[in-house]
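Student: Below is the structure I would like to discuss, written out as structure tokens.
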Amino acid sequence: MNKTKTVHRWTILAASTIVLLCTGAIYAFSVLAGPLSASKGWSMPDIMLAFTINSAIAPIPMILGGFFTDRGWAKWSITIGGLMFGLGFFLSGLATSTGMLYATYGVLAGLGQGLAYSGCLSNTIKLFPDKKGLASGIITAGMGGAAIIAAPVANFLINQQDAAHAFRILGLAYMVIIAIASFFIKAAPANYQPAGWVPPVQAGGHFVNKNWLDMMKTPQFYLIFFMLFTGAFSGLMIASNASLIGQQMFKLSATTAAFYVSLYSLSNCLGRIVWGTVSDKIGRNQTLNIIFGVIVVAFLLLITLSSTVGFALGIIILGLCFGGVMGVFPPIVIENYGPKNQGVNYGIIFCGYSIAAFFGPKVAANMATANNGDFTKAFYVAIVIAVVGLGLNLLYSALKKRAVTVAKA
């Protein structure tokens, strides 16, 4: 049966990307946090805890969404998750206490976002066995680039009334958009192959699907897990502190610094597509070698150049590299453990990202506070982490080559 007659994979990719352009609005929270604090009288640390809760629970819905997707329920995971996110956003606009904000934005929106993201990513990549890097790059670009749209829209709505108004309007809009997009999303058929594509012969002559238990018995799992941690560390460090770095180290105004935050988001978005496509051409390991090396160069630019040009170059390069990391790792997982259990397998490996999300921003903030707003020492830590990531990738490459040699023997 020719699957291309029944599966319109590019339509599914587009619809899934639209869903993530909604759920990715979590990364525009900094635009809403300040005005919410001003209107409600809540402290910024109390409000930011909602974002921390949202990020901390990410592995739970990622794995759960992966479980649903691997059983052919991707459409429901995406639709239910997306609507939960929109509802959480809307109810955040009705919050009368920080506790309610934690329940709506932190828990409800966080669970919904993870379910939708896992479903969109795992389902879509199964439809593009011939272009895994490109598909992963486009779908994750929706998540990474959402703030480019959400931030100015939220700011406009805040100026109209207040942050609560912005939450309510955006939440309603997201629920409508996601409901419409869900009509165009279908589950990927098992072992889907596009017309005219011949799958490459795997070592040993066949492709092995491993479940999460079998995955965790392989040494590659631990290398991939910690490689994702090292790759995401620097990007999350910059994402959470870009405005402060610009103002405190490069003496930019708050308005100018905000522009560079948007520039970082745009670079992050483009990096997912660019590096994903590159990885399809030269391989995932070679791509990661370049990414880790370029991360080191970018931080050296931030350390040695005190001009706005140095800040701009550093921000753009690090954004591109962070996006690349997020676009390259889903194909790495599917190539090692097969498409059948990709949802759950990637959800477990994604815990490496969550650990980086906890430590990266915190390390940078603590070191900057201890050094009067200077992030230089934090940059050196990020360089060391990137070098460790490069070393892990070289070890992973050697392990892969040995496995191929053994399989051919």
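Student: Which semi-axes, in whole Å and largest first, does the equivalent ellipsoid of segment 3-182 have when worked out from the alpha carbon gyration tensor as the square roots of 5 times its eigenvalues?
Tutor: 30, 16, 13
Student: Please provide three numbers in whole Å: the alpha-carbon extents of segment 333-409 along the principal axes, with the largest listed first.
Tutor: Principal-axis extents of the Cα atoms in segment 333-409, largest first: 59, 26, 9 Å.
Student: Still on this structure: Apply the Karplus curve 6.51 cos²θ - 1.76 cosθ + 1.60, θ = phi - 60°, to the phi angles in segment 181-186 and return the couplings in whole Hz, x for Gly and Pro.
Tutor: 3J(HN,Hα) across segment 181-186, in whole Hz: 4, 4, 5, 9, 9, 10.
Student: Put a dot 7 Å past each Cα toward the Cβ at His165 and Asn211; how far apart are the dots in nm?
Tutor: Distance between label points: 5.3 nm.
Student: I've got another one for you. Rank the residues Ile273, Ile60 as a footprinting-exposure proxy: fewest other Cβ atoms within 10 Å of their Cβ go first.
Tutor: So the ranking, lowest neighbour count to highest, is Ile60, Ile273.
Student: Among Tyr396, Tyr337, Tyr117, which comes first, then next, by fewest other beta-carbon atoms within 10 Å?
Tutor: Tyr396, Tyr337, Tyr117
Student: Take peptides 6-13, 261-268 and line them up by average Cβ neighbours within 10 Å, highest first, as a rough protection proxy.
Tutor: 261-268, 6-13
Student: Once every DSSP H run of n ≥ 4 in the chain is given -39500 (n - 2.57) and the sum is divided by its residues, what mean residue ellipticity at 222 nm do you get, rounded to the nearest 500 deg cm²/dmol?
Tutor: Calculated at 222 nm, the ellipticity per residue is -26500 deg cm²/dmol.
Student: Where in segment 68-101 does the amide nitrogen come within less than 15 Å of the point 7 Å from the Cα of Leu172, taken along Cα to Cβ?
Tutor: Residues passing the 15 Å test: 86-94.
Student: With N denoting the number of residues in segment 42-118, provide Rg(C-alpha) divided by 2.2 N^0.38 Å, to two decimal places.
Tutor: Computed over Cα atoms of segment 42-118, the ratio equals 1.13.
Student: Follow-up. In segment 39-87, which trypsin sites (Lys or Arg not before Pro) fall in coil by DSSP and have 16 or fewer other Cβ atoms within 10 Å?
Tutor: Arg71
Student: Something else about it: Would you mind checking segment 213-229 for residues with the amide N under 19 Å from a putative spin-label position 7 Å along Cα→C-beta of Arg71?
Tutor: So the set is 213-214.
Student: Cα gyration tensor of segment 227-384, axes a ≥ b ≥ c as square roots of the eigenvalues: rounded (a/c below 1.5), prolate (a/b > b/c) or oblate?
Tutor: Details: a/c = 2.23, a/b = 1.77, b/c = 1.26.
Prolate, because a/c is 1.5 or more and a/b exceeds b/c.
Student: Classify segment 311-372 as rounded, prolate or oblate from the Cα gyration tensor: take a ≥ b ≥ c as the square roots of its eigenvalues, call it rounded if a/c is under 1.5, otherwise prolate when a/b beats b/c and oblate if not.
Tutor: oblate
Student: Quick one: grab the alpha carbon gyration tensor of the chain, order the square roots of its eigenvalues as a ≥ b ≥ c, and give me rounded if a/c is under 1.5, else prolate or oblate depending on whether a/b is larger than b/c.
Tutor: Note, shape of the chain comes out oblate.
Student: Let me ask something additional. Arranged by the count of other C-beta atoms within 10 angstrom, fewest first, what order do Ser243, Ser43 take?
Tutor: So the residues, fewest neighbours to most, are Ser43, Ser243.
Student: Take the chain, connect every pair of alpha-carbon atoms lying under 10 Å apart with a spring to form a Gaussian network, then pick out the residue of Leu313, Leu111, Leu101 with the largest mean-square fluctuation.
Tutor: Largest GNM mean-square fluctuation: Leu313.
Laboratory data are not the source of any read-out in this text; all were calculated from the coordinates shown. Keep in mind the model is a prediction, meaning the values are calculated, not measured. Methodologically, a virtual Cβ is constructed for each residue, glycine included, from the backbone with ideal geometry; neighbour enumeration extends over all protein chains shown.
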